[in-house]
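Structure, as structure tokens:
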Amino acid sequence: MKKIAIFASGGGSNAESIINYFKGHSSIDVSLIVSNKEKAFVLKRAKKHNIPSVYISNKDFKSGELVLEKLIEHDIEYIILAGFLLLIPRTLTQKFPNRILNIHPALLPNYGGKGMYGQHVHQAVFNNFEKESGMTIHLVNEKYDEGKILFQVKVDLKVTDTPDVIAAKVLKLEHKHYPEVINDYLKSQS
Ligand code: GRF
């Protein structure tokens, strides 16, 4: 059984779609949820699904030692970032080479990098009158949004689409594709 941990800082709707997708899966198990926000709704979702979860403060997360301890304790092989807003410390990128995945709500390399997260991304896409947006799933290295792209999908935008409408269109794609891409990628690594 390949055990995965999901890191999330917020609501965790992607985390929940991944949890639901892998329920009863023959070879992949969501074994741990990690958040850097004590009140993050994702931790409530973990409880609802009886999945072990841990809150690690931003300060403790920085060195990577404490989170690494937890990952080892739960025999984690892959880390899935789903709305996680901290840079991944070198300790983890070195211990989990090509085994950390992230989802970004835009078509990287556009609209990526520092400060480009959540609503900021969709506001920037809106401000630039883009005719399309989409989402990107990539491997994570020290440079964060610059890891190898595993999957991208586009969505057409209407001139009347507000940042919220753009966000909703992109999130729908994330929920649909992230679990499938995780499944395919882990299968390709066996
Ligand atoms: C998603 O838009 C994802 O692309 C970005 O953060 C958001 C997470 O949303 N990384 P949720 O917490 O999964 O609902």
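In the context of the full set of protein chains, residues of segment 47-130 present 55 Å² of accessible surface per residue (probe radius 1.4 Å, heavy atoms only). Ranking His25, Pro179, Val165 by Cα position along the charge dipole of the chain, where only Lys, Arg, Asp and Glu carry charges on their C-beta atoms, puts His25 farthest toward the positive end. When a 1.4 Å probe is rolled over the protein heavy atoms, the share of accessible surface on the chain that falls to carbon and sulfur comes to 54 percent.
Extent of segment 1-133 along its three principal axes (Cα atoms, max minus min coordinate, largest first): 46, 33, 29 Å.
Dipole check for segment 1-88: with +1 at the C-beta of Lys and Arg, -1 at the C-beta of Asp and Glu, and the Cα centre as origin, the magnitude is about 380 Debye. In plain terms, the chain from His25 to Val165 could stretch by 47.1 nm, reckoned as 0.36 nm per residue minus the Cα-Cα distance.
In plain terms, the chain from Gln119 to Lys172 could stretch by 17.6 nm, reckoned as 0.36 nm per residue minus the Cα-Cα distance. Between the residues Phe151, Gly113, Ile80, the greatest Cα displacement towards the positive end of the dipole of the chain, with unit charges on the Cβ of Lys, Arg, Asp and Glu, is found for Ile80.
Between Gln189 and Ser63, the simple spin-label model (points 7 angstrom out along Cα→Cβ) gives 2.6 nm. Take every Cα pair under 8 Å whose residues are at least 6 apart in sequence, average their separation, divide by the length of the chain, and the relative contact order is 20 percent.
Ellipticity at 222 nm from helices only: DSSP H runs of n ≥ 4 in the chain, each -39500 (n - 2.57), divided by the residue count, give -11500 deg cm²/dmol.
Under a 5 Å amide H cut-off, with hydrogens placed 1.01 Å from N, Gly83 pairs with Ile103 among residues at least 5 apart or on other chains. Averaging the Cα positions of each part gives two centres, and for segment 15-56 and segment 146-169 these lie 25 Å apart.
Cross-link list Lys44/Lys70; Lys44/Lys148; Lys23/Lys172: which exceed 22 angstrom alpha carbon to alpha carbon? Could you put the intermediate results ahead of the total?
Numbers: Lys44/Lys70 19 Å; Lys44/Lys148 32 Å; Lys23/Lys172 20 Å.
Where the Cα-Cα span goes over 22 Å, the pairs concerned are Lys44/Lys148.
Counting 0.36 nm for each residue step from Phe41 to Tyr55 and taking away their Cα separation leaves a gain of 3.9 nm.
Sequence-ordered 3J(HN,Hα) estimates for segment 164-170 from the Karplus curve with 6.51, -1.76 and 1.60 and θ = phi - 60° stand at 5, 5, 4, 4, 5, 4, 5 Hz, glycine and proline given as x.
The values are calculated or read from the model by the stated rules, or taken from the named source; none is laboratory data. Given the structure is predicted, the values throughout are model-derived calculations rather than measurements. Note: ideal-geometry Cβ built from the backbone for every residue, glycine included; neighbour counts use all protein chains shown. Each accessible area value is taken on the protein alone, full model and side chains, heavy atoms only, with ligands, DNA and RNA left out. Shrake-Rupley method; radii C 1.70, N 1.55, O 1.52, S 1.80 Å.
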